[in-house]
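The values are calculated or read from the model by the stated rules, or taken from the named source; none is laboratory data. What you see is a predicted model, and the numbers here were worked out from it, not measured in a lab. Cβ: placed from backbone, ideal geometry, glycine included. Neighbour counts: every protein chain shown. Side chains included, ligands, DNA and RNA excluded: accessible areas come from the protein's heavy atoms. Shrake-Rupley method; radii C 1.70, N 1.55, O 1.52, S 1.80 Å.
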Amino acid sequence: VQLQASGGGLVQTGGSLRLSCSTSGGIPTISTIGNMGWYRQGPGKQRSLVASRYSGGRTYYSDSVKGRFTISRDNARNAVYLQMNGLKPEDTAVYYCNRAGPTFDSWGQGTLVTVSS
């Protein structure tokens with residue numbers, strides 16, 4: 001599976017960004033994958049799950065982003081989004097999308113989010 005994350009950039013503390021994720025190359029699509037998640041890896045840190053959305057609509061957010069980030073999906077557009085508000089310097093990381101649960105081996109290049117203080 002080829003997962004493509006985009007939408008990162010440089011933003012000041014308190015700013016917002018919306019990340020997008022889609023698949024390419026046909027099957028599987030976001031719809032067929034089902035449960036999708038956003039992960040991030042900050043400088044010197046391990047990659048971790050920050051938000052996920054399951055086929056039934058249930059969502060999960062890590063404590064560090066709860067109340068600030070919102071995950072959504074649009075199966076018709078083959079996309080998953082991460083709306084990030086109230087960004088903090090500690091949110092600086094490379095953000096990736098992947099299946100929530102057993103992840104695919106291929107993570108794609110991710111998209112870099114840099115939050116300046």
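Limited to region 63-78, what total is found for residues that are open to solvent by 60 Å² or more (accessible area, probe 1.4 Å) and of a type in the set (Val, Ile, Thr)?
Going through region 63-78 one residue at a time, the tally reaches 1.
In region 1-43, which strands (runs of 3 or more DSSP E) lie fully inside it and hold 1 or more residues that are open to solvent by 40 Å² or more (accessible area, probe 1.4 Å) and on the phi > 0 side of the Ramachandran plot?
none
Of the residues TYR54, TYR60, TYR81, only one is touching a strand residue (DSSP E or B) at 6+ places or on another chain (Cβ under 6 Å) and either open to solvent by less than 20 Å² (accessible area, probe 1.4 Å) or more than 22 Å from GLN12 (Cα to Cα) (or both); which?
Values: TYR54 fails: touching a strand residue (DSSP E or B) at 6+ places or on another chain (Cβ under 6 Å); TYR81 fails: either open to solvent by less than 20 Å² (accessible area, probe 1.4 Å) or more than 22 Å from GLN12 (Cα to Cα) (or both).
Sole residue among the options that is touching a strand residue (DSSP E or B) at 6+ places or on another chain (Cβ under 6 Å) and either open to solvent by less than 20 Å² (accessible area, probe 1.4 Å) or more than 22 Å from GLN12 (Cα to Cα) (or both): TYR60.
Restricting the first residue to region 14-31 and requiring it to be modelled with pLDDT of 85 or more, which pairs with a second residue that is open to solvent by 50 Å² or more (accessible area, probe 1.4 Å) and not in a strand (DSSP E or B) meet a Cβ separation below 7 Å and a spacing of at least six or different chains?
SER16/ASN85; THR23/VAL1; PRO28/VAL1; ILE30/ASN75; SER31/ASN75
Being closer than 18 Å to GLN46 by Cβ and assigned to a loop (DSSP other than H, G, I, E, B) is the filter here, so list the residues in region 65-100 that pass it.
Correct list: VAL65, THR92, ALA100.
Confirm whether THR70 is modelled with pLDDT under 95 and among the β-branched types (Val, Ile, Thr).
no
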